[in-house]
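Q: The structure is given below, and queries will be raised subsequently.
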Amino acid sequence: MTSYPTSTGPLHDALNFAQRQVRRLIETHPGFYPLYTDKGHWKHDKPACTRWCDGFLPGMMWLFLESGLADDPSYWRKKAEEYSSRLEDRKEDRDVHDLGFIFYHGTYKRWYEATVRDGRPDQRLKHVVVRAGQVLAMRFKKKGQYLRSFISDESLFIDIMMNVPIIFYSARQNDDEGHKSRSLLWDVAENHCLTTRRVLVRGDGSTAHEGIFDTSTGEFLRQATHQGFRGDSSWSRGLAWSLYGFSICYELRNDPRFLATAEANAAYWLEHTPADGVPPWDFDASNFPGLPLSRDKVDSSAAAIAASGLLILSKLTKDPTRAQTYRTFALRALQTLCQSPYLAIDDKNWEGILKRGVYHIHKGLGIDESVMWGEFFFVEALTKALTTP
Ligand code: GLY
């Protein structure tokens, strides 16, 4: 039976291990931005699909620094700037819907905030974030009222909820600077959230991965998936993206509908995830006869994203009992992830931090591996748990 230590010792040990593994990665493969491991090794010739993860490696370096728990602050500052600045041109990238992952969660927003903490705010860094938000907003489909996924004009992804905060952020900066484009950015971000809520979030709080629209009329046609079990199932990572994404959109926009959606997602998460906090890769996988992939296959990255999201939501909910429930659940998930078989600390050959993530089960990519977003949100949740009451 799994035991759940209540001290923060295992979380500190995991954060220190994370710093050693990130250092090992960048010293073994300088300048390399990986996506997922193959048998525990970052460098391999398996496909990447899109370059959506590049911000997570520098993002972890900024998190080490922000937490005040960095083992070598001057080393991490130098590397964080180096690995972030190499991504600056991606702010113009029209091929991905992931500019929020890269610039808001990962790099330039954190870099800008570091300069604020230094007492020397660098506005140029903030303008890179704002520009990335403007470019992401160009994906907006007026008919249908959503930001299109990288797949096609007809496609909306739940993952985009993690990226739309950069548009709210850009809208606010534009307001502060008195620019005229402000209402457009607010409208794009807000309407994207409302469309996602309407077509991808179900009455029980579960989510679909993808929505398909008729591009000529904007009519919503059906739910679909790429990485989940099927269109009407609940892919656990997608639900975690929604829970976290709606939480931060509520933080940025203060629209109570976003909070209600995040709480509905959280209710589903808490009801369906095992007590150790690590979900199956898809909550509905066992419900279908003849399924070749067992429900027992877990996704540790979904657990890490949800833990971080629940820690945010615990600060936003108006209900003190729920706040406590969210935090307790998140901390329990982290305690689980800090033990075997998840933390790779006892496997000297393994180059990642967290084992048992899943990237794309249908394509056979990154199954039972370390995945960059899992590493990032695990580190983020650890730093939040260790630095906020
Ligand atoms: N494409 C985002 C994800 O794999 O969650």
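Q: Let me see the pair-distance distribution of the chain: every alpha carbon pair, 10 Å bin width, integer percents in order.
A: 5, 25, 36, 26, 7, 1, 0
Q: Per the helix-only calculation at 222 nm, which mean residue ellipticity applies to the chain, given -39500 (n - 2.57) for every DSSP H run of n ≥ 4 and division by its residues, nearest 500 deg cm²/dmol?
A: Working: 12 runs with 186 residues, N = 389.
Roughly -16000 deg cm²/dmol at 222 nm, from the helical runs in the chain.
Q: Excluding ligands, DNA and RNA, what is the solvent-accessible area per residue of the range 56-118 at a probe of 1.4 Å, expressed in Å²?
A: Here the per-residue accessible area is 35 Å².
Q: So what is Rg over Rh here for the range 1-160, counting just Cα atoms and using Kirkwood for Rh?
A: 1.02
Q: Further, regarding this structure: Report the extension gain between Glu66 and Asp232 in nm, rounded to one decimal, defined as 0.36 nm multiplied by the number of residues separating them, less their alpha carbon distance. Could you put the intermediate results ahead of the total?
A: Numbers: separation 166, 0.36 × 166 = 59.76 nm, distance 3.96 nm.
Gain in length upon complete extension: 55.8 nm.
Q: May I pose another question? Using the heavy atoms of the protein chains alone and a 1.4 angstrom probe, what is the accessible area of the range 193-341 per residue in square angstrom?
A: Averaged over the residues of the range 193-341, the accessible area is 36 Å².
Q: What accessible area, in Å² to the nearest ten, does a 1.4 Å probe give for Cys49?
A: For Cys49, solvent-accessible area is about 70 Å².
Q: What residue among Met60, Met138, Met372 has the largest mean-square fluctuation in a Gaussian network model of the chain, using Cα springs under 10 Å?
A: Greatest mean-square fluctuation among the candidates belongs to Met138.
Q: On a 1.4 Å probe surface of the protein chains, which of Lys315, Lys141 comes out largest in accessible area, and what is the full order?
A: Lys315, Lys141
Q: Contour minus end-to-end for Thr387 and His29, with contour as 0.36 nm per residue of separation and end-to-end as the Cα-Cα distance?
A: Full extension from Thr387 to His29 adds 125.8 nm.
Q: I need the shape label for the range 231-388. Rule: rounded when a/c is under 1.5, else prolate if a/b > b/c, else oblate, with a, b, c from the alpha carbon gyration tensor.
A: In terms of gyration-tensor shape, oblate.
Q: Please sort 153-159, 22-28 by packing, taking for each peptide the average over its residues of neighbouring beta carbons within 10 angstrom, highest first.
A: By packing density, highest mean first, the sequence is 153-159, 22-28.
Q: Out of residues 5 or more away from Asp282 or on other chains, whose amide H comes under 5 Å of its own, with H placed 1.01 Å from N in the peptide plane?
A: Sorted by chain and number, the residues that satisfy this are Ser236.
Q: Here is a further query. Take every Cα-Cα pair in the range 174-293 and report what % of them are more than 22 Å apart.
A: Values: 3020 of 7140 pairs.
That fraction is 42 percent.
Q: Continuing with the same structure: Please get the size of the charge dipole for the chain, origin at its Cα centre, with Cβ charges of +1 on Lys and Arg and -1 on Asp and Glu, quoted in debye to the nearest 20.
A: 480 debye
Q: What number in nm² do you get for the range 159-238 if you take the convex hull of its Cα atoms and divide its surface by four?
A: 6.2 nm²
Q: Would you please classify the overall shape of the range 322-389 from the alpha carbon gyration tensor, given that a ≥ b ≥ c denote the square roots of the eigenvalues, rounded means a/c under 1.5, and beyond that prolate means a/b larger than b/c while oblate covers the rest?
A: Working: a/c = 2.34, a/b = 1.66, b/c = 1.41.
Here the range 322-389 falls in the prolate category.
Q: Moving to a separate point now. Of Gln21, Gln123, Gln145, which is the most mobile in a GNM of the chain whose springs link Cα atoms less than 10 angstrom apart?
A: So, out of Gln21, Gln123, Gln145, the one fluctuating most is Gln123.
Q: Protein chains only, probe 1.4 Å: how do Thr387, Thr195, Thr321 rank by accessible area, largest first? Spell out each step's value before the answer.
A: Details: Thr387 70, Thr195 10, Thr321 100 Å².
Largest accessible area first, the residues go Thr321, Thr387, Thr195.
Q: Over the chain, with a Gaussian network built from C-alpha contacts below 10 Å, which listed residue (Lys363, Lys39, Lys297) shows the highest mean-square fluctuation?
A: Greatest mean-square fluctuation among the candidates belongs to Lys363.
Q: In units of 2.2 N^0.38 Å, what is the alpha-carbon radius of gyration of the range 121-214? Provide the component values of the computation, followed by the final result.
A: Working: Rg = 14.0 Å, N = 94, 2.2 N^0.38 = 12.4 Å.
Dividing the Cα radius of gyration by 2.2 N^0.38 Å gives 1.14.
Q: For the full complex of protein chains and a 1.4 angstrom probe, list Val164, Val116 by accessible area with the highest value first.
A: Final ranking, largest accessible area leading: Val116, Val164.
Q: Note down the net charge around Thr317, summing +1 for each Lys or Arg and -1 for each Asp or Glu among other residues with Cβ under 11 Å from its Cβ.
A: +2
Q: Which percent of the accessible heavy-atom area of the range 245-389 goes to carbon and sulfur, probe 1.4 angstrom? Each step should come with its number before you reach the end.
A: Details: 2660 of 5230 Å².
Percent of accessible area from carbon and sulfur atoms in the range 245-389: 51.
Q: Work out the length of the dipole vector of the range 249-330 about its Cα centre, built from +1 on the beta-carbon of each Lys and Arg and -1 on the beta-carbon of each Asp and Glu, and round it to the nearest 20 debye.
A: Result for the range 249-330 is approximately 280 debye, rounded to the nearest 20.
Q: Using only protein heavy atoms and a 1.4 Å probe, report how much of Lys143 is accessible, in Å² to the nearest 10.
A: Only protein atoms counted, so the area is about 110 Å².
Q: Further, regarding this structure: Within the range 85-117, which trypsin sites (Lys or Arg not before Pro) sit in a loop by DSSP and count at most 15 neighbouring Cβ atoms inside 10 Å?
A: Of the trypsin sites (Lys or Arg not before Pro), the ones in loops of the range 85-117 whose Cβ has at most 15 other Cβ atoms within 10 Å are Arg86, Arg94.
Q: Something else: Over 19 Å between Cα atoms: which of Lys91/Lys126; Lys39/Lys348; Lys46/Lys363; Lys39/Lys78; Lys297/Lys355 fall into that group?
A: The pairs that break the limit, which is 19 Å between Cα atoms, are Lys39/Lys78.
The values are calculated or read from the model by the stated rules, or taken from the named source; none is laboratory data. Because the structure is a prediction, the values reported are computed rather than measured. Glycine also receives a Cβ, built like all others from the backbone with ideal geometry; neighbour counts cover every protein chain displayed. Only protein heavy atoms, including side chains, enter the accessible area calculation; ligands, DNA and RNA are left aside. Shrake-Rupley method; radii C 1.70, N 1.55, O 1.52, S 1.80 Å.
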